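Written below as structure tokens is the structure these notes are about.
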Amino acid sequence: MATTLSADSASATPAEHVRHRLPYENVLATIGWTPLIHLARVAKGIRTPLLGKADFFNPGGSVKDRIGLPMIEAHEAAGTLKPGGTIVEATSGNTGVGLAIAAALKGYRCIFTMPDKMSQEKVRLLKAFGAEVIITPTAVPPDHPQNYVQMAKRIVKETPGAVLAGQFENPANPAAHVATTGPEIWEQTQGRITHFVASAGTGGTITGVARYLKSKNPNIKIIAADPMGSVLAELWRSKGEGHPTGAPYKVEGVGQDCVPETLDMSVIDEFISVSDKDAFSMARRLTREEGIFVGGSAGLIAHAALNVARRLDDPEAMVVTFLCDTGERYLSKLYNDEWMRENQLLDAPQTSIADVLGNKDTSAA
Ligand code: PMP
């Protein structure tokens, strides 16, 4: 039977209608229960249903809103974070937003370190929430004092009352996805999901969702999409043997130069490596063909997920991909033709006024 899951008003269960019916206590209560959306246009001609978990619907615009509060609460419970304290984090931007939202409501100060490859929009966004942002060089090894994680650790040491939120080692990160993202996907697909495709930055999303889904049905396949240049795919294939060095890439927030503690490689059944060009091209397709405005990591994962759906071409299967963050964070980059062309990531010529007017003389315009 072909799967036609939808939540239109006729078929939706009462539970599907509950959200937003009553006022929320505060914005934190609106995190999670993001929509699951059929991606039927980009998957045209493929019989496998392809659905996207739209985590850009979270109030801070990304999946990382889910881990901000739980990581802070873990430190409060352990007594490492006290009223008036400071939260420090090494972030590609989105975790910073998730932490800043929770910190705003709880009255904590935030200091974030960020590699210089991240978009200006993210730096401005964090500052808008009142956070202090320190930019570090991207092209340094993980153990270099200028590395963003090392820098964050140093700030914690030198700042009284400061704690490292610790998205790369804090068990509250994957646990948040066991508690929320996994059950949401299971319920939204009515248990019909057969393949989950995500990528790993900290690995919290893929590890937590995989643990929950596999506890429900061990046959569900977990597929990791990894940027070309990240070492994760190579380390997974070699079972941790060797020391791959990696190479720079442009997609933000995913891939790594070493395996974080929060990533459980054993839950992953397959790795698919994706180029910047394919990732950005798919993000732009999702925006133009589906009206779903997402960042490069969502494009990267959707590119891999589409290949999985095509390979299966099975109406009984169901592939769920992850739409991690909003495209607004990348208007100066992957949605900027000039930046795309400068980085050899765009083949198609730019649309000119002459194209629009059918090559008429535009000199008077
Ligand atoms: N996409 C983006 C844009 C991100 O910022 C992140 C987190 N750094 C991820 C995906 C990956 O999420 P996770 O850390 O849970 O692996």
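None of the figures in this text is laboratory data; all of them are computed from the coordinates on show. Values in this document were obtained by computation on a predicted structure and should not be read as measured data. Please note: Cβ atoms are built from the backbone with ideal geometry, for glycine as well, and neighbour counts cover all protein chains shown.
Per-structure values
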read-out	value
Elements of type helices (runs of 4 or more DSSP H) contained in region 156-219, each with 1 or more residues being under 19 Å from Ala100 (Cα atoms) and over 14 Å from the mean Cα position of the chain (by Cα)	172-176
Residues located in region 310-334, provided they are assigned to a strand (DSSP E or B) and under 23 Å from Val97 (Cα atoms)	Thr321, Phe322, Leu323, Asp325, Thr326
Options Leu232, Leu213; residue that is farther than 26 Å from Val42 by Cα and among the hydrophobic types (A, V, I, L, M, F, W, C)	Leu232
Which listed residue is at negative phi, surrounded by fewer than 18 Cβ atoms within 10 Å (Cβ to Cβ), of a type in the set (Gly, Ala, Ser) and out of contact with any Lys or Arg (no Cβ under 8 Å at 6 or more places or on another chain), from Ala128, Ala165	Ala128
Subset of region 301-356 (residues that are exposed (fewer than 12 other Cβ atoms within 10 Å of the Cβ), among the β-branched types (Val, Ile, Thr) and touching a Ser or Thr at 6+ places or on another chain (Cβ under 8 Å))	Ile353
Filter result (touching a helix residue (DSSP H, G or I) at 6+ places or on another chain (Cβ under 7 Å) and either more than 10 Å from the ligand (Cβ to nearest atom) or free of Cβ contacts under 8 Å to residues at least 60 places away in the same chain (or both)) within region 307-327	Val319, Val320, Thr321, Gly327
Helices (runs of 4 or more DSSP H) fully within region 39-135 counting 2 or more residues that are within 16 Å of the ligand (Cβ to nearest atom) and more than 21 Å from Pro174 (Cβ to Cβ)	120-128
Flag if Pro142 is within 16 Å of the ligand (Cβ to nearest atom), surrounded by fewer than 21 Cβ atoms within 10 Å (Cβ to Cβ) and in a loop (DSSP other than H, G, I, E, B)	yes
Tally of residues being touching a helix residue (DSSP H, G or I) at 6+ places or on another chain (Cβ under 8 Å) and surrounded by fewer than 24 Cβ atoms within 10 Å (Cβ to Cβ) across region 199-230	8
Cβ pairs under 8 Å, 6+ apart, first in region 262-283 and aromatic (Phe, Trp, Tyr), second away from the ligand (no atom under 13 Å from the Cβ)	Phe271/Ile223; Phe271/Ala233; Phe271/Trp236; Phe271/Arg237; Phe280/Met340; Phe280/Leu345
Cross-chain or 6+ apart pairs with Cβ under 6 Å, region 53-74 first and on the phi > 0 side of the Ramachandran plot and touching a residue at least 24 places away in the same chain (Cβ under 8 Å), then within 11 Å of the ligand (Cβ to nearest atom) and hydroxyl-bearing (Ser, Thr, Tyr)	Gly61/Thr326
Test for Ser281: is it surrounded by 14 or more Cβ atoms within 10 Å (Cβ to Cβ), outside any loop (DSSP other than H, G, I, E, B) and either away from the ligand (no atom under 15 Å from the Cβ) or not small (Gly, Ala, Ser) (or both)	yes
Single residue of region 231-257 satisfying the filter (surrounded by 16 or more Cβ atoms within 10 Å (Cβ to Cβ), of a type in the set (Gly, Ala, Ser) and over 16 Å from Ile268 (Cα atoms)) that is nearest to the ligand (Cβ to nearest atom)	Gly253
